[in-house]
Each structure stands twice: as structure tokens, then as C-alpha cells.
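The values are calculated or read from the model by the stated rules, or taken from the named source; none is laboratory data. What you are looking at is a predicted structure, and each value in this text was computed from that prediction instead of being measured. Neighbour counts are summed over all protein chains in view; Cβ atoms, including those assigned to glycine, are modelled from backbone coordinates with ideal geometry.
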Amino acid sequence: MADSSNKQLEQVFLVQEILPDTTEFFEEEPQEIEAAIGDADIVLDTNVLLIPFGAGAASLIEIVKVYSEIKGRKRLYVLAQVAGEFVKNRPSKLAQRLASSPK
């Protein structure tokens with residue numbers, strides 16, 4: 001039991017061992033947005049993936065262009081959790097779209 005308690009105590013301080021001085025992270029000046037856009041990786045969240053379901057035709061064409069360009073540069077990422085949330089929420093977005101479309 002004492003061995004288990006010691007192990008848990010060691011785990012509490014593990015972050016301090018790995019990252020002894022986290023203040024350095026905040027001291028660097030961030031890149032200007034224009035410079036970052038050129039080579040930044042793009043990680044989409046669920047809400048961004050669901051935007052096309054509410055977009056008009058012209059917006060949808062632009063969204064497809066942007067996604068295609070970023071994907072072509074191998075800079076587009078979707079996390080597994082986000083993909084799962086998208087699959088879960090997509091049917092309700094489609095239903096909303098169908099309900100609001102002219103009959």
C-alpha cells in the first residue's frame with residue numbers, strides 16, 4: 001500500500017520534471033498571423049466541420065476550395081474525437097437543413 005502511495009505522489013510531480021520551467025512558453029513573441037498562415041497546420045473542430053450544412057451554394061464552393069488547398073498541402077487535420085462528434089451531429093444538421101428548405 002505504501003508503495004502505491006509513493007507511486008501516486010511521484011506522478012503528481014511528474015509534470016514538473018518534464019516541464020520544469022513553463023514560463024518560457026509564454027515569453028516567446030507569437031508569429032504574426034500572416035506569417036503563420038503560410039505554414040501552419042489546420043486542425044478543424046466539430047463546429048467548423050458542420051458549417052457547410054448551413055452554407056449557401058456560393059459559400060460551399062469556397063469552403064471546398066479552401067479545404068482542398070489545405071489538404072493538398074498536407075496541413076489539414078481532424079482529430080478522432082472531432083470526427084466522432086461530427087458523425088453524431090451530422091444527421092441533426094441534415095434534418096435542420098431539410099426542414100428549412102423550400103418545399
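Candidates in the range 1-40 are the residues that are among the polar types (S, T, N, Q) and either farther than 30 Å from GLY72 by Cβ or in contact with a Leu (Cβ under 6 Å, 6 or more places away or on another chain) (or both); of these, the one that is modelled with the highest pLDDT is THR23. The residues in the range 66-88 that are closer than 16 Å to PRO52 by Cβ and either in contact with a Leu (Cβ under 6 Å, 6 or more places away or on another chain) or in a loop (DSSP other than H, G, I, E, B) (or both) can be counted, and the count is 3. Of all residues in the range 18-62, those being among the hydroxyl-bearing types (Ser, Thr, Tyr) and within 28 Å of LYS88 (Cα to Cα) number 2.
Among the candidates LEU14, LEU50, LEU9, LEU19, single out the residue that is under 26 Å from GLU85 (Cβ atoms) and aliphatic (A, V, I, L, M). Lay out the reasoning, then the answer.
Working: LEU14 fails: under 26 Å from GLU85 (Cβ atoms); LEU9 fails: under 26 Å from GLU85 (Cβ atoms); LEU19 fails: under 26 Å from GLU85 (Cβ atoms).
That would be LEU50, the only listed residue that is under 26 Å from GLU85 (Cβ atoms) and aliphatic (A, V, I, L, M).
Among the residues of the range 17-61, those identified as surrounded by 12 or more Cβ atoms within 10 Å (Cβ to Cβ) and assigned to a helix (DSSP H, G or I) are THR46, VAL48, LEU49, LEU50, ILE51, PRO52, PHE53, GLY54, SER59, LEU60.
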